[in-house]
Amino acid sequence: MNQSTTRKPPLIEKWTTEDVHQWLTTEVKVQQSCADRFTEEEVSGACLVSFNKTDILDFGIKHGPAVKITAYLESLKKECKHQSEFPKYVEKWTKEQVSQWLVQHVNVYSKYAERLQEEDVSGDCLVCFRKQDLVDLNVKGGPAVRIFSALKQLNQKPEPTLQPITDQKEAAKPTEPGNAQAKEINRPESYENTESKRDGIVEKDSKQIQLPFDKTSGKKEIQQPKPQNTGVWNKGTVVTTVSPDASRITVEIKNVLDDLLKVDLKTFIFHLRLHTESKRKPICQSKLEDKDSRDIATLMTDHYGSDEAPQVAIQTLKEINQLKLARQLEERISRLMQMTLSKESVRKEANQGEKLKTLLSCGGNSLDNYDKFVVVVNKSNPEQLHYLQFLTKLKLFCVLDFDHSSAASGGLCHSYRESRVANLHTPPQFQGQTESVIKNLNLYKQTSWVFCNGRHDLNSDSNLALDYKNWLRKSCKDVEQLVSFICNPEVLLRGRYLIIFLLLSPVDTEKDPVFDIYKSFIKHTEEENIISVCESQSTYLKWRELIKEKCDFDIEHLSINELTLSEINGTIMAMGPFSQSSVRLLPSSGSSTVVLTQKDEDLLTALDVLCTNQCESVYDENSSEFHEFRISVEEEFYRGGKVKWWNFYFCDKDKEKPFIKRDKYENVMKLIRSQWRASNDMCVLLNLFHHPGCGGTTLAMHVMWDLRHEFRCAALKDNSMPKTEVAIQVIKLMKLESEKPSPVLLLVDDSKETEKPYDLVNCIHKAAVDEHLNICLGDSPNCKVIMLNCVRSHSPKQQYRQHNQTQNQFITASLTPQEQKDFEKKLKELEETHDKPENFYSFMIMKNNFDQKYIDDLAHNTLENFDFSKKDSQLFAFLALLNTYVEESDISLSLSRDFLGMELIRWTNYTVLEKMNQYSNLLIIDRIEELGLYAGLRILHQTIASACLAELERSCYKKVNEITMQMLHYDLFFSARSIKDRLMLSIQRMLIERQHKKDGDGRELFSPLVHKIHNQQGRQTVQEIFVKASSRFVTSASIPQALARYLYINERDYPEALKWAEKAKDIKKNPYTFDTIGQIYKSNLKYNMDKEKQEKSHNPEDLQTNIKIAINGMKAFQRAQELAELADEPQEETADDNSEDYPRKSYNVYGYVSMLEIAFVVFDILSKLPFFGEHDPIKKMYLQSFLRGKIRMTSVHKEDNEINNRFVEIINEHEGFLVKLKSEVKEIFDFLDCYFAYIKVNSEFDALNHRTVSEHFKKYVQLFCTTPEEMKKEKENKSNLNLKLDIEERKVFLEKNQADTFSGILQHLDKPAKEMEKITECYAFLHKAVSQKHNIQIKINYIVSNIVLCHLKPKSKHVKSYGDLSALLSKILQDIGLYHRLPDAYYLALLLFWPSPTEENTEIGKYVTAIRKSSHKRLSRLLHNRSTIAYFYLTKEEGLKRLVSKPTLDESFLPKISRDALAQLWRNGDIFKEKAIISRLHRVSGTIEQGEVYANYGTQKIPVRPARISGIRSGFSTEKVSFYLGFAINGPIAYDIKYEN
């Protein structure tokens, strides 16, 4: 480009101010006013060489000329002429033509074009721009790159045709007067003139910015001021918002500064000249010297502009602690802005269509700007319904309907429900606890349609419409409470919802319920949040006049009245989300697809359904809008937000930049596919264990995304929903729009447990049965739900190893070398499209392979100037504490605003993140789907939170106890509001939630936070925190319970611990609070025993104390066990896959085990007494006899002394308790023996209990089972009692070997045969020696001992023949009949009398019924939701050989495979695929009728129970089946059911 050759001095440094002026006007060719500004500021050549763009902008010169001057200056310094790399015609473009080119040819947002036009970017300026210059104008990186790419392409293309913009939807085309730049740099008029005109300024501006029509040309001419970032009015604005007049801003700042004392004004000036947060340089000190408040206000407005000056003033006032004045200025500017908006923005609309769009979208073109809409509607008529389809497009929170016929055919509600789901409610249903109302009415998830004056389709007198007088008396209060509920910021966030009064018929008088509700709304919200849409001009005029007269407010700028309903409908339906696909597709049978309708999706409230065409056709993907959307979604994810389906879609669209595939991606994919094809279960649970924040959920969603064409995929988005309801929705998704079912892949996220999802598995099984889901043989893989459960764990690898590895996978916080390369590559890709991707800290943490030094440095740099006295610093510290110790924790945005003292001002976009400026780079906002409009603030990554907490301790000397106590101090965080309930729950979890031990055995004793505080500060601090917390959580038993546990376990302070445990019990009486009391007594007892062992002397009062402690402990555990059994309603029987055999949260039998522990401590205490010495056989016999109740203390030989006499007094005082103790212990042993014998024990907790019980039984044997030598001596001394002694000797032997019960004998199937021979021999003797009256159970035990011995040693001489045993059993069954209290005899009947393929037994059906009834009556406490063990299985042999024991079957596999692997084969049923089993067991033929399974022998049908309910098809089809048969204590069980057809 050839520049002017006007002569100038050779060295810039020697230029005078006149030379600079000449250069600007002749070479740079800026407007005269710009050059004049340089002269005014005395810019000579020596000054000019130091100038940069910011210095020029500080003169008030627009961005376009500033960039051009800077570019020419750079060329001048290099002693070369400025050259353009773009076509010459570009330099000739006016700023309007630049705007036209950007909109019409580059397709960027109109707001960017407007921004450039406002900053006077003409063609000759544009060619000087760099990317950073566009970014400085708030143009995002994506559009900036696009603009420069388009500029370069102009060299290869013909000159583009530019059309004048006449349609506001395309872009705004301001027409500015020629002296616009001069106006920009002129100072405001004097204060006196401004003040005198103060009241007229806004009205004057109103006239300036109206949109007049040229009557001759019909073209519009718009004068458009500089747009502001105005909160909810800023997104995608078409009609740009208006700034208040600069002079008015100056006046407001001056008025506030007038209220400062002289010394405070000096402080203000001092801080003002140090203000560095603006892009402009601070005002220099010389200009601020000796200035009054008016001059300072003028200087600020002139220097920073009318937009930034108020914020600088507010910030400076806060810095000098003038918070009240800062708030005043905020409010004044807010009102001024609001007034400007309300009076000006809508008047700029050229027509009512644009006005409607502006009102619904805050000035944009998309309905996404508001989170929810509330519609109030009156009587409609059928002709209008066709034009009210737009309601189905709005995100309706609720509709307040005053048309009593709306739900009937021809009504608005009926019409809406044809395509969308709406729940029909009445106003009283919205009363009660907010959280309960939201949950019960399904608010946020489905539209609530509220009938506010009757509902005639119900044909009930109570639902008739009322006249106004009666409505006012009977219904008005309920509707007003409904309005109060809607406007509650805990329900709908202020500024994020819009109320629409849709008047479909006239409101003629103030005595109309609709008008009363309008008045009710304006009591709770501002008028600006309500718009009116009227069906006719006459309706509008009456409505407007009514509100103006009664409410003193003109709704003209908030009303639509000139459009027909047809035009209203068309305008709204054409609004965004743009080009949203009309159909969403799901995979179906035969590689086909079906449509997921909006109504069906409305019903799937618990599921986030992933469609095959997810994300397609939502945006014009060539538009800048889509590009911007992509940039923002990616930025949010890589910073630390949760992954969205969009993230995978973007990577799919750009094959060269794929989503990072984690190392375990293929493993998880194979796991899902293998279980889909191979598993026999209708619902399969797969666990993915992962460290928090290592990408586990992202991996699961990535796999799901890639399987969306094979499965109907959904993520569970509401974990709080009842499992039964979720299951129904999953089955609905499986069956949707297709005769044949389709497989479902369900993602369950944010889980910390593996047991909880089993409840959902069981519910899905039941729902499949209830829905009569027909499963044909070829359809079984399709009728399957694969549940992928993401389990957060601090030791994922260990948990993986503890579970069945064929159904689990894990991922840790460690990258493989290949993954590290992938992350490096992704960073380079992000650098091409995003600004500063190195600030995407969650991504960078993973890219650096979770390097702790990187994380620590990040925390250190962020917290360098941390000041805990400031609210923003405190809030950040609270977040660091919560996010470190509680996964998925946050603090709601509204709560954060309240804590920071921020008022939610509608016009401003001054956000919490801006308020938290120092820490905002580490913070992110999450929206929680299941909580409706809830938005929460959290730290990007758990490791960052943890590092920040450590940094606060290290550098800022803030211990976690101080932060915790400070958090508990604030009343704001604790009240009965739902969002605070969420925070309160997080705080409670932080204090009481214990983690799994890293070695996998059980849980830690206390929460990690309590552990840390105890280690740092000790007991006093821990107790202070718990005491403070208990005052905050007055209805929670968990806090005092946790304190009680801490005091007795760590501190041995039993009285204080008991006080807090009793407090917990008073709050909530349940097994756990009583158990804590029992544990305190038990621990106290053991502690006393240990202490007394170290003391040589024995104090009788210690015995008194210990027995009382033991009595109280036994009572507490007994009550805990009773409450546990009351909570467990017994059920007759449970299938294997419908049981709670997995690690459980129920109290189980723990109370009984603890009672045993206390009892044996008491036995130990008594054995240490002088007259009950355990090492003296005679004294030991005295103790045994006393505890059996055979002798009193008077018969015990003892020395007569004061101590012994006191011991005897104490024992006599508690004789009742002590004498009963032995029999109570034996009862507990017998009960637990049944429990461990008959019930499948799969949890580590049950296994631990079993070991504890076994150890105590050994002690029991040593104490109560007399040795054979002693028996021999007794025989010699008492020959006349030999028979009784023989009987007693054998009973003692059986008791000692846990063979004195039926269940105990069965447990000898895997013990040595020699021991079993002795047991059988004992029973043979007792069978003959004991009288008939007491002989029934002995005979039963004799038979079962023979059966067990036969399996262990078939050729033993003690084994009776099958015929002898059958004959004896027949006699027993004759004696006891079919209603005996114990199931033992009926169990033997199944073993011995089960029919063979060639012969029937007509009685066997009776015995099956008898064993079911008897086991239910006797073992109901045991069988609740638990599956039983089959000790024997039916083989192909005859006689006793037709039975094979489970241990015998196991021998075929051990030691080839581990016991854990073998247990898993039994658990999932795959054992029946093994050849060793198939060759041994007999497959029984049967039928399934009405869902019941029968074994068929000739004409005889014997009911059996399916081991797995998933083995039975729903639909109640009568089918032939075959299965293997096992025998459990509650009846025969069918395994591996196969359909014959």
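The values are calculated or read from the model by the stated rules, or taken from the named source; none is laboratory data. In this text the structure is predicted, and so the values were computed from the model without any measurement. Heads up, the Cβs are rebuilt from the backbone with ideal geometry, glycines too, and the neighbour counts pull from every protein chain shown. The protein model used for the area step is the full one, side chains on, heavy atoms only, and it has no ligands, DNA or RNA in it. Shrake-Rupley method; radii C 1.70, N 1.55, O 1.52, S 1.80 Å.
For (1) buried (at least 17 other Cβ atoms within 10 Å of the Cβ); (2) at pLDDT below 90; (3) of a type in the set (Ser, Thr, Tyr), each residue gets a yes or a no:
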{"site": "Gln942", "(1), (2), (3)": "yes, no, no"}
{"site": "Ala945", "(1), (2), (3)": "yes, no, no"}
{"site": "His969", "(1), (2), (3)": "no, no, no"}
{"site": "Ile979", "(1), (2), (3)": "yes, yes, no"}
{"site": "Ile992", "(1), (2), (3)": "yes, no, no"}
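Which pairs have Cβ atoms under 9 Å, sit 6 or more apart or on different chains, and link a residue in segment 1050-1073 that is within 20 Å of His1011 (Cβ to Cβ) to one that is open to solvent by 60 Å² or more (accessible area, probe 1.4 Å) and not in a helix (DSSP H, G or I)?
Close Cβ pairs satisfying both conditions: Asn1050/Leu1005.
Considering each residue of segment 268-286, count those that are not hydrophobic (A, V, I, L, M, F, W, C) and not in a loop (DSSP other than H, G, I, E, B), and give that number.
Matching residues across segment 268-286 total 3.
Can you name every residue in segment 496-507 that is open to solvent by less than 10 Å² (accessible area, probe 1.4 Å) and not in a strand (DSSP E or B)?
Once the filter is applied, which keeps residues that are open to solvent by less than 10 Å² (accessible area, probe 1.4 Å) and not in a strand (DSSP E or B), segment 496-507 yields Leu504, Val507.
Scan Ala1410, Ala1476 and give me the residue that is open to solvent by 30 Å² or more (accessible area, probe 1.4 Å), touching a residue at least 12 places away in the same chain (Cβ under 8 Å) and among the hydrophobic types (A, V, I, L, M, F, W, C).
After applying the criteria, what remains is Ala1476.
Based on this model, can you work out whether Gln153 counts as part of a helix (DSSP H, G or I), surrounded by fewer than 19 Cβ atoms within 10 Å (Cβ to Cβ), of a type outside the set (Gly, Ala, Ser) and under 48 Å from the mean Cα position of the chain (by Cα)?
Judged against the criteria, Gln153 is not a match.
Among (1) closer than 25 Å to Asn622 by Cβ; (2) under 50 Å from the mean Cα position of the chain (by Cα); (3) open to solvent by 10 Å² or more (accessible area, probe 1.4 Å), where does Val121 come up short?
The one condition Val121 does not meet is (3).
What number of residues in segment 701-721 are outside any loop (DSSP other than H, G, I, E, B) and not acidic (Asp, Glu)?
10
Restricting to segment 862-917, count the residues that are over 19 Å from the mean Cα position of the chain (by Cα), hydroxyl-bearing (Ser, Thr, Tyr) and modelled with pLDDT of 85 or more.
4
Residues to consider are Thr698, Thr724; find the one that is β-branched (Val, Ile, Thr), more than 20 Å from Met682 (Cβ to Cβ) and assigned to a helix (DSSP H, G or I).
Among Thr698, Thr724, only Thr698 is β-branched (Val, Ile, Thr), more than 20 Å from Met682 (Cβ to Cβ) and assigned to a helix (DSSP H, G or I).
State all residues of segment 1339-1386 that are over 57 Å from the mean Cα position of the chain (by Cα), closer than 23 Å to Lys1446 by Cα and open to solvent by 40 Å² or more (accessible area, probe 1.4 Å); if no residue qualifies, say none.
Selection gives Lys1353, Pro1354, Lys1355, His1358, Lys1360, Ser1361, Tyr1362.
If you take the residues of segment 444-468 that are without any contact (Cβ under 8 Å) to a residue 12 or more places away in the chain and in a loop (DSSP other than H, G, I, E, B), which of them is most open to solvent (accessible area, probe 1.4 Å)?
Across segment 444-468, the extreme among qualifying residues is Asn459.
Would you say Phe629 is free of Cβ contacts under 8 Å to residues at least 40 places away in the same chain, farther than 17 Å from Asn789 by Cβ and part of a helix (DSSP H, G or I)?
Yes; evaluated as a whole, the condition is true for this residue.
Please verify whether segment 616-626 includes one or more residues that are modelled with pLDDT of 90 or more and assigned to a helix (DSSP H, G or I).
no
Among the candidates Glu753, Glu771, Glu824, Glu739, which residue alone is surrounded by fewer than 21 Cβ atoms within 10 Å (Cβ to Cβ), modelled with pLDDT of 90 or more and not hydrophobic (A, V, I, L, M, F, W, C)?
After ruling out the rest, the residue left standing is Glu824.
Scan segment 1463-1473 residue by residue and report those that are open to solvent by less than 70 Å² (accessible area, probe 1.4 Å) and among the charged types (D, E, K, R).
Asp1470
Quick test for you: out of Ala1299, Ala1313, pick the one residue that is within 60 Å of the chain's Cα centre (by Cα), modelled with pLDDT of 90 or more and under 21 Å from Arg1418 (Cβ atoms).
Of the residues listed, the single one that is within 60 Å of the chain's Cα centre (by Cα), modelled with pLDDT of 90 or more and under 21 Å from Arg1418 (Cβ atoms) is Ala1299.
Being out of contact with any Phe, Trp or Tyr (no Cβ under 8 Å at 6 or more places or on another chain) and either open to solvent by less than 80 Å² (accessible area, probe 1.4 Å) or under 21 Å from Ser1223 (Cα atoms) (or both) is the filter here; which residues of segment 1196-1207 pass it?
Asn1201, Asn1205, Arg1206
Scan Leu699, Leu671 and give me the residue that is touching a residue at least 40 places away in the same chain (Cβ under 8 Å), open to solvent by less than 10 Å² (accessible area, probe 1.4 Å) and on the phi < 0 side of the Ramachandran plot.
Of the residues listed, the single one that is touching a residue at least 40 places away in the same chain (Cβ under 8 Å), open to solvent by less than 10 Å² (accessible area, probe 1.4 Å) and on the phi < 0 side of the Ramachandran plot is Leu699.
Residues checked against (1) over 30 Å from Lys379 (Cα atoms); (2) open to solvent by less than 50 Å² (accessible area, probe 1.4 Å):
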| position | (1), (2) |
| --- | --- |
| Glu528 | no, yes |
| Leu563 | no, yes |
| Ser588 | yes, yes |
| Asp600 | no, yes |
| Asn622 | yes, no |
| Phe626 | yes, yes |
| Glu635 | yes, no |
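Search segment 995-1016 for residues being among the polar types (S, T, N, Q) and modelled with pLDDT of 90 or more, and hand back the single one that is surrounded by the fewest Cβ atoms within 10 Å (Cβ to Cβ).
It comes out as Asn1015.
Would you mention how many residues in segment 1462-1513 are in a loop (DSSP other than H, G, I, E, B), in contact with an Asp or Glu (Cβ under 7 Å, 6 or more places away or on another chain) and over 24 Å from Gln807 (Cα atoms)?
The qualifying residues number 1.
Can you give me the number of residues within segment 836-856 that are touching a residue at least 24 places away in the same chain (Cβ under 8 Å) and under 23 Å from Lys140 (Cβ atoms)?
Of the residues in segment 836-856, 6 are touching a residue at least 24 places away in the same chain (Cβ under 8 Å) and under 23 Å from Lys140 (Cβ atoms).
Residues to consider are Val421, Val450; find the one that is of a type outside the set (S, T, N, Q) and either over 24 Å from Leu558 (Cβ atoms) or out of contact with any Pro (no Cβ under 7 Å at 6 or more places or on another chain) (or both).
Among Val421, Val450, only Val421 is of a type outside the set (S, T, N, Q) and either over 24 Å from Leu558 (Cβ atoms) or out of contact with any Pro (no Cβ under 7 Å at 6 or more places or on another chain) (or both).
If you check Met682 against the conditions, is it among the aliphatic types (A, V, I, L, M), open to solvent by less than 30 Å² (accessible area, probe 1.4 Å) and at pLDDT below 90?
Spelling it out, Met682 is indeed among the aliphatic types (A, V, I, L, M), open to solvent by less than 30 Å² (accessible area, probe 1.4 Å) and at pLDDT below 90.
(1) open to solvent by 50 Å² or more (accessible area, probe 1.4 Å); (2) without any contact (Cβ under 8 Å) to a residue 24 or more places away in the chain: which one isn't true of Asp608, the others all being true?
Here Asp608 meets the rest and fails (2).
Any chance you could count how many residues in segment 397-432 are open to solvent by 10 Å² or more (accessible area, probe 1.4 Å) and in a strand (DSSP E or B)?
3
Failed condition for Arg1019, given (1) closer than 28 Å to Arg1206 by Cα; (2) surrounded by fewer than 23 Cβ atoms within 10 Å (Cβ to Cβ); (3) not β-branched (Val, Ile, Thr), with all others met?
(1)
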